[in-house]
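Heads up, the thing below is written out as structure tokens.
All of the numbers you see were taken from the coordinates with simple rules; none came from a lab. What you see is a predicted model; the values in this text were computed from it and never measured. Virtual Cβ from ideal backbone geometry, glycine too; neighbours counted across all protein chains shown.
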Amino acid sequence: MGQEKTGRMHPEVIKAMGAFGGGMARSGRVCGILTGALAMVASLYGTADSLECEDPKLRPLGSKLVHRFEEMTAPYGGVECVRIVEFDLNDQEKLRWFRTAPDSTRRRCEHLICDMAVYLEELLEENRPWPAG
């Protein structure tokens, strides 16, 4: 969503983010939805040059994303993937259930992805770092 919206397509970034699923390499830690949203914001407002200052919007926007995701995930007990899905993602049997069962906690993830994408789009529109068009 973010790359298409900004017109900055970098398949290698999408590839690099692959290990963040399941709360960072299926460790159950911080949800990849949040880390992905933060990575998108950092790609727009951060810098790769140690001598260059990052855009002053980076930290406040990142804080807004974290705060909003904490609100979204409060019903599940927090931003950790394992709390949201309620099982160890290394348990292959439960992982199959998660991926295939219509009543699995995967629906939570789908809703969180959509809700965070909408919020991220709103933030980016309000703080447009790229040319309109």
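Overview of results
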quantity	calculated
Neighbour cut-off at most 11 other Cβ (10 Å), DSSP loop, GluC sites (Glu not before Pro), the stretch 15-90	Glu52
Amide proton proximity set for Gly23, modelled H, under 5 Å, gap of 5+	Gly28, Gly32
Alpha carbon centroid spacing (whole Å) that separates the stretch 88-116 from the stretch 24-76	22
Helical segments meeting 24 Å axial Cα length and Kyte-Doolittle -1.0 threshold in the chain (DSSP H)	106-126
Partners for Lys15 among aspartates and glutamates (Cα-Cα distance below 18 Å; same-chain residues under 8 apart left out)	Glu4
The stretch 35-85: projected area of the alpha-carbon convex hull, averaged over directions, in nm²	3.9
The stretch 1-95: relative contact order in percent, alpha carbon pairs under 8 Å with at least 6 residues between	27
Stokes-Einstein D (µm²/s) once Rh is taken as the Kirkwood radius of the stretch 2-126 over alpha-carbon pairs, at 37 °C in 0.692 mPa s	212
Helix-only mean residue ellipticity at 222 nm for the chain, each DSSP H run of n ≥ 4 adding -39500 (n - 2.57), per residue, nearest 500	-17000 deg cm²/dmol
